1. How many residues are out of contact with any helix residue (DSSP H, G or I) (no Cβ under 9 Å at 6 or more places or on another chain) and aromatic (Phe, Trp, Tyr) if we restrict to region 43-99?
2. Which of the residues spanning region 89-109 are surrounded by fewer than 14 Cβ atoms within 10 Å (Cβ to Cβ), in a helix (DSSP H, G or I) and of a type outside the set (Ser, Thr, Tyr)?
3. Please determine, by comparing only the residues of region 21-38 that are assigned to a helix (DSSP H, G or I) and under 23 Å from residue 83 (Cα atoms), which one is modelled with the lowest pLDDT.
4. Please verify whether region 69-83 includes one or more residues that are exposed (fewer than 12 other Cβ atoms within 10 Å of the Cβ) and either out of contact with any Ser or Thr (no Cβ under 6 Å at 6 or more places or on another chain) or of a type in the set (Asp, Glu) (or both).
5. Here are some residues: 52, 57. Which one is surrounded by 14 or more Cβ atoms within 10 Å (Cβ to Cβ) and either hydrophobic (A, V, I, L, M, F, W, C) or at pLDDT below 95 (or both)?
6. Can you tell me which residues in region 54-88 are within 22 Å of residue 22 (Cβ to Cβ), outside any helix (DSSP H, G or I), out of contact with any Lys or Arg (no Cβ under 7 Å at 6 or more places or on another chain) and of a type outside the set (D, E, K, R)?
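The values are calculated or read from the model by the stated rules, or taken from the named source; none is laboratory data. All figures in this text were calculated on a predicted structure; none of them were measured in a lab. Ideal geometry is used to build each Cβ from the backbone, glycine not excepted, and the neighbour counts take in all protein chains shown.
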Amino acid sequence: MILPIGLLLVANVFMTFAWYGHLKNLRETPLLYVILISWGIAFFEYCFQVPANRLGAQYFTLPQLKILQEVITIAVFAGFSYWYMNEPLKLDYLWASLCLLGAVYFVFRGL
């Protein structure tokens, strides 16, 4: 059960850099190049995401798998925003994260 979560975590790191990493250092790079670079990074995201979903489907329902994905995404994004993009963390982000944890509770409470 831990392996799919680890794979989702790694996949989300790649996804976050593919989607947002270019905003820091490639602002002046032509868009076509940025798209190709992002696709290259996203390839590695899929190499982890697809196995994570296949393995995860053995342990979790589809809604549980999706909620795990979203919670991991927000956690990875918060770290990325703060440490890589130097964005300040705000208290509102904590409240939003608590709402996501509520979603986790509701999809897993039957276990």
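1. Number of matching residues: 3.
2. The answer is 91, 92, 94, 95, 96, 98, 99, 101, 102, 106.
3. Residue satisfying both the conditions and the ranking: 25.
4. Yes, that holds for at least one residue.
5. When all the criteria are applied, what remains is 52.
6. 86, 88, listed by residue number.
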